[in-house]
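Throughout, read-outs are computed from the coordinates displayed, never taken from laboratory work. Note that the coordinates shown come from a computational prediction; the quantities given were computed from them, not determined experimentally. Neighbour counts are summed over all protein chains in view; Cβ atoms, including those assigned to glycine, are modelled from backbone coordinates with ideal geometry.
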Amino acid sequence: MSALLLDGRLVAAELLTSLQKDVADLDPKLVVVQVGEDPASSSYIRQKIKSCDAVKMRHQHLHLPEETNLDDLMTIINDLNNDDDVTGFIVQLPLPKHLNEFVPQIIRQIDPKKDVDGFSAYNIGKMFLSTEFEHLPPATPSGVITLLEHYDIPFEGKNVTVVGHSNTVGKPLTTMFLNRNATVTTCNVYTKDLAHHTKDADILCVAVGKPNLITADMVKDGVVVVDIGITKTENGLCGDVDFEAVKEKAYAISPVPGGVGPMTVASLIRNCVRAKKRQLELS
């Protein structure tokens, strides 16, 4: 029997609908800063703008030239930090090569109160305390948790394996599962015998960007699989999981596309609403 489909488009649409009243009442504004012409970034930004339009949230796309230098970018970040009309903003990654090495410095420059990507050390650090301090969590991990909660997937006492340990997905997702009393194994490129860990998982989350890394023989019957990786191939977009084969063993599985991607965008919009609420509380 085929698995339950974890439909991110459906859940994201419901989340956005639930945010409409707060958007109307609070009138937040999201700014997206893009440097250069990366096609994937442009595609992601279009989805973010589309979601802003869906909830009638004010938004601005600052599209800077490829040759923008660090000083000019930092000046723009400082201007956004000091603009009371801007609720939250993101600097779309990846950046051009000449700015790549400065990404930690750029993220550090963003006011944590406006860091709706949830990448700053302040917002990441708060997550380690408990669920009550997940105020502005990274959008993709937050979207994964919301997706699973929508389908009533339990976390407490479950064996969770997270494949991938990036600062933006794998590590914060591990923390969010730990906050919900799961037992978590986090794997990376140096993990020996990956299948040993994936076969033990009640919930398997994969965020690597390697097509079909996870095959049917690497999972147990009844597993819940969240495929976070996405790669453009000759045959279209492909996830990290061999979807057709694994779905025959899984209890539930997210598709690529249409799974975590829409949840990431909706979570970003939710973070902007949360940021506005907290800014009003602090003022």
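Listed peptides 223-231, 199-207 appear in the order 223-231, 199-207 once ranked by packing, highest mean of other Cβ atoms within 10 Å at the front. You can think of it this way: the chain between ASN167 and GLN105 has 20.9 nm of extra reach, that is 0.36 nm per residue less the Cα-Cα gap. When a/c reaches 1.5 or more, the comparison of a/b and b/c decides; with that in mind, is segment 85-206 rounded, prolate or oblate per its Cα gyration tensor? Here segment 85-206 falls in the oblate category.
Mind checking the angle between helix 260-282 and the chain's longest principal axis? C-alpha axes, 0 to 90 degrees, to the nearest 10. Result, in degrees: 40. Judged by the mean number of other Cβ atoms found within 10 Å, the most tightly packed of the peptides 188-197, 259-268 leads the ranking 259-268, 188-197. Taking the DSSP bridge list for the chain and keeping only pairs wholly inside it, about 10 percent are antiparallel. Shown in residue order for segment 21-32 are the 3J(HN,Hα) couplings computed by the Karplus curve 6.51 cos²θ - 1.76 cosθ + 1.60 at θ = phi - 60°: 5, 4, 4, 5, 6, 9, 6, x, 9, 10, 10, 10 Hz (x for Gly and Pro). Using a cut-off of 25 Å between Cα atoms, the listed pairs LYS56/LYS97; LYS114/LYS210; LYS210/LYS247; LYS21/LYS171; LYS126/LYS199; LYS56/LYS210 include LYS56/LYS97; LYS114/LYS210; LYS21/LYS171; LYS126/LYS199; LYS56/LYS210 as exceeding that distance. Extension gain, SER283 to LEU4: 0.36 nm times the residue separation minus the Cα-Cα distance gives 95.9 nm.
Rounded to 0.05, the FRET efficiency of the ALA216 and ASN69 pair, given R0 = 45 Å and the Cβ-Cβ distance, is 0.35.
Each of ASP115, ASP152 was scored by other Cβ atoms within 10 Å of its Cβ. Arranged with the fewest first, they read ASP152, ASP115. Here each label is just a point 7 Å from Cα along the line to Cβ, and for TYR151 and ASN235 those points are 2.2 nm apart. Rounded to the nearest Hz, the phi-derived 3J(HN,Hα) couplings of segment 81-96 under the Karplus curve 6.51 cos²θ - 1.76 cosθ + 1.60 (θ = phi - 60°) are 4, 9, 8, 5, 7, 8, 6, x, 8, 10, 9, 5, 9, x, 9, x, where x marks glycine and proline.
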